[in-house]
Amino acid sequence: MSIITTVALLVLLTIPEGISLGDPGMTRRCRCITKEKKPIGRYIGRVVVNSANSHCKDIEIIATLKKDGQQICLDPDAPWVKKVLGKRLVEQTP
């Protein structure tokens, strides 16, 4: 096998690998492994809701704490989380 053939084969093998990686900035799995069930509403500064998609079947609610900026996943079925989301929605509505 010649050097040119070997190089061409290596190039052809690495192209699909680069394509399969997709956008490196996009998370291709669920971010929330554990979910907080205890009420921590007064410590929450910001809330982000990620809807279910092809990479994660669960709705993920990620709260950023006021004090240290730590991100915590919240249980979307917990009554206090629904209450916090309702308040945030009312605050954002003009």
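The values are calculated or read from the model by the stated rules, or taken from the named source; none is laboratory data. Note that the structure is a prediction, hence the values are computed from the model and not measured. Cβ coordinates were reconstructed from backbone atoms using ideal geometry, including for glycine residues, and neighbour counts include every protein chain displayed. Keep in mind that these areas ignore ligands, DNA and RNA; they rest on the heavy atoms of the full protein, side chains included. Shrake-Rupley method; radii C 1.70, N 1.55, O 1.52, S 1.80 Å.
Observations on the model:
- Each residue of the range 69-74 is assigned a 3J(HN,Hα), and the resulting list reads x, 5, 9, 10, 7, 10 Hz, derived from the Karplus form 6.51 cos²θ - 1.76 cosθ + 1.60 (θ = phi - 60°), x at Gly and Pro.
- Paramagnetic label zone (point 7 Å from Cα along Cα-to-C-beta, Arg29; backbone N under 14 Å) in the range 35-67: 55-57
- The residues of the range 31-92 expose on average 73 square angstrom of accessible surface per residue, using a 1.4 Å probe on protein heavy atoms.
- Per-residue 3J(HN,Hα) values for the range 30-43, derived from phi via the Karplus relation 6.51 cos²θ - 1.76 cosθ + 1.60 with θ = phi - 60°, read 5, 8, 8, 9, 10, 10, 6, 9, 6, x, 10, x, 6, 8 Hz in sequence order (x marks Gly and Pro).
- Net charge over other residues, Cβ less than 12 angstrom from the Cβ of Cys32 (K, R count +1; D, E count -1): 0
- Once you divide the Cα radius of gyration of the range 31-92 by 2.2 N^0.38 Å, the number left is 1.07.
- With all protein chains in place and ligands, DNA and RNA left out, the 1.4 Å accessible area ranks Val81, Val47, Val90 as Val90, Val47, Val81, largest first.
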